[in-house]
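Quick notes on the structure that follows.
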């Protein structure tokens with residue numbers, strides 16, 4: 001796409017006009033294999049008196065892609081009461097996974113093992129959501145965070161499963177108040193070798209109205 005002359009009478013600069021090629025990026029393609037997530041940056045010009053940023057999440061079709069606005073750069077005066085700025089568009093990325101190591105304390109088993117600490121691999125999951133008025137999630141506080149894995153019993157125990165100390169899982173019986181999860185359930189989780197125990201879950205801003213729910217998980221041991 002060729003650049004336009006911003007002072008040309010052939011263009012209505014009361015409305016934003018492209019002023020060069022639209023930049024196309026696939027920021028998660030190499031690292032995560034997500035070739036569908038796209039960032040588009042359009043260089044635009046407009047009369048300064050007419051300029052106003054488009055609302056975040058405004059839908060558009062740009063270069064054939066269905067996207068939405070994630071923001072404008074700061075407009076800069078280029079003469080003749082015209083400003084230049086970049087408008088960026090995106091779509092929702094796929095879920096991504098990273099991994100790190102952490103020192104974790106695993107619960108003891110009643111009459112079998114004591115709590116112990118070791119370095120484990122932690123999975124970091126990022127699930128992306130578009131947040132804003134009229135969408136499924138209108139505010140960041142409404143995002144679906146995943147509850148931390150905890151151990152409870154009917155006697156009032158309610159602690160993180162990684163709290164260590166004197167935390168022992170049991171199946172109940174006799175004077176024991178059975179834990180949730182029970183010892184049998186936890187052993188089954190460990191046998192499954194999946195990232196089933198949640199350390200924490202929190203929102204993380206990405207760009208514009210795009211947020212990720214970042215959840216860290218470990219395997220039961």
Give the stretch 115-141 a look and list any residue that's farther than 30 Å from residue 58 by Cβ and in contact (Cβ under 8 Å) with a residue 24 or more places away in the chain, or say none. 115, 117, 118, 120, 121, 122, 123, 124
For the stretch 23-52, which positions are in contact (Cβ under 8 Å) with a residue 24 or more places away in the chain, assigned to a loop (DSSP other than H, G, I, E, B) and within 25 Å of the chain's Cα centre (by Cα)? 28, 34, 36, 37, 38
In the stretch 29-50, is there at least one residue being in contact with a strand residue (DSSP E or B) (Cβ under 9 Å, 6 or more places away or on another chain), modelled with pLDDT of 95 or more and at positive phi? no
Any residue that is closer than 14 Å to residue 111 by Cα, assigned to a helix (DSSP H, G or I), in contact with a strand residue (DSSP E or B) (Cβ under 6 Å, 6 or more places away or on another chain) and in contact (Cβ under 8 Å) with a residue 40 or more places away in the chain - is there at least one of those in the stretch 177-186? yes
Assess whether residue 220 counts as being surrounded by 18 or more Cβ atoms within 10 Å (Cβ to Cβ), in contact with a strand residue (DSSP E or B) (Cβ under 9 Å, 6 or more places away or on another chain) and under 30 Å from residue 55 (Cα atoms). no
Within the stretch 57-109, considering only strands (runs of 3 or more DSSP E) that don't extend past its boundaries, which have at least 1 residues that are under 16 Å from residue 37 (Cβ atoms)? 59-62, 65-72, 82-90, 96-106
Identify the residue in the stretch 74-112 that is touching a residue at least 60 places away in the same chain (Cβ under 8 Å) and at positive phi and, among all such residues, is surrounded by the fewest Cβ atoms within 10 Å (Cβ to Cβ). 79
Tell me whether the stretch 113-121 contains one or more residues that are surrounded by 11 or more Cβ atoms within 10 Å (Cβ to Cβ), at pLDDT 95 or above and closer than 15 Å to residue 203 by Cβ. no
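The values are calculated or read from the model by the stated rules, or taken from the named source; none is laboratory data. If you're wondering where the values come from, they're calculated on a predicted model, not measured in any experiment. With ideal geometry, Cβ positions are generated from the backbone for all residues, glycine too; neighbour counts draw on all protein chains shown.
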